[in-house]
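First up is the structure itself, then whatever we jot down about it.
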Amino acid sequence: MPDVTIVVATRDRAAELRRSLGHHTAPVIVVDNASSDGTPAAAEAAGATVLRLPSNRGAAARNAGAQLAAARYVAFADDDSWWAPGSLERAVELLDAHPRTALLAARVLVGEEERLDPVSEAMARSPLGRPEDLPGPAVLGFLACSVVVRRDAYLGVGGFSDVLHFGGEEELLALDLAAAGWGLAYVPELVVHHHPAAAGRDPAARRRRQARNRVLTAWLRRPLPAVARPASPAWRTPSP
């Protein structure tokens with residue numbers, strides 16, 4: 001599928017890659033965030049192109065993969081997720097037919113029981129409506145493991161931030177794309193399978209990172225007029 005390249009950012013997840021890479025049906029670039037467990041070798045053995053980074057760039061490693069890709073569209077996946085057969089072909093058709101659309105968010109099914117991810121459920125109820133020039137409900141959030149992006153639009157806004165690392169990094173990219181005039185849409189006919197491993201995960205730490213990144217996102221994209229105004233002197237006692 002020359003129109004789409006799959007980019008996977010990973011670190012020390014060789015076992016997960018051995019399971020997931022065989023499910024992909026498009027060329028895969030694995031961007032390795034300075035692993036120490038043989039992850040690059042596992043990715044190469046599975047037929048992926050491997051880009052080794054000298055340090056851990058977190059989510060921004062996906063930018064390096066997108067820069068290396070030659071395809072018009074880039075699909076992101078995690079080391080424990082993969083796209084359902086036919087979904088990427090359909091994504092190409094939709095992006096070709098909707099030139100203002102920069103990002104398509106897929107429906108995510110979790111685990112062997114294929115539970116609907118709560119984020120997918122929330123996107124289906126998006127309060128932003130469905131503009132005529134988008135192929136689904138407009139959204140300002142998504143799961144990074146389940147989107148296809150227009151490569152030039154994605155790189156044009158700088159991709160994922162190096163500041164946020166991992167955890168809630170999607171919101172800032174969504175805001176940047178929307179501010180540049182691009183549309184983002186949820187398309188449930190596109191499907192991603194996500195099989196996260198319970199071992200080695202720290203949900204509390206992830207929640208802390210997400211909370212931190214929400215604050216950073218609000219700070220990084222605060223309205224410029226508010227920055228230009230002097231701080232309010234309301235704490236001072238008025239002069240007589």
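The values are calculated or read from the model by the stated rules, or taken from the named source; none is laboratory data. Just so it is clear, the model here is predicted, and its values are computed rather than measured. All Cβ positions, glycine included, derive from the backbone under ideal geometry; neighbour counts span all protein chains shown. We work out accessible area using only protein heavy atoms, side chains counted, and drop any ligands, DNA or RNA first. Shrake-Rupley method; radii C 1.70, N 1.55, O 1.52, S 1.80 Å.
Restricting attention to region 200-217, does a residue exist that is at pLDDT below 95, under 17 Å from the mean Cα position of the chain (by Cα), hydroxyl-bearing (Ser, Thr, Tyr) and assigned to a helix (DSSP H, G or I)? Checked region 200-217: at least one residue is at pLDDT below 95, under 17 Å from the mean Cα position of the chain (by Cα), hydroxyl-bearing (Ser, Thr, Tyr) and assigned to a helix (DSSP H, G or I).
(1) within 27 Å of Ala138 (Cα to Cα); (2) touching a strand residue (DSSP E or B) at 6+ places or on another chain (Cβ under 8 Å); (3) not aromatic (Phe, Trp, Tyr): which one isn't true of Val28, the others all being true? (1) is the only condition that Val28 fails.
Hey, can you tell me all the residues within region 129-156 that are hydrophobic (A, V, I, L, M, F, W, C), assigned to a loop (DSSP other than H, G, I, E, B) and at pLDDT 95 or above? Spell out how you get there, then give the answer.
Here is the first cut: in region 129-156, the residues hydrophobic (A, V, I, L, M, F, W, C) are 134, 138-140, 142-145, 147-149, 153, 155.
From what's left, assigned to a loop (DSSP other than H, G, I, E, B): 134, 139-140, 142-143.
Those that are hydrophobic (A, V, I, L, M, F, W, C), assigned to a loop (DSSP other than H, G, I, E, B) and at pLDDT 95 or above: Leu134, Val139.
In this structure, does Ala75 turn out to be more than 20 Å from the chain's Cα centre (by Cα) and of a type outside the set (Phe, Trp, Tyr)? So Ala75 does not fit the description; no. Comparison of Ala34, Ala43, Ala9 shows that the only residue that is without any contact (Cβ under 8 Å) to a residue 24 or more places away in the chain and either open to solvent by less than 30 Å² (accessible area, probe 1.4 Å) or in contact with a Leu (Cβ under 7 Å, 6 or more places away or on another chain) (or both) is Ala34.
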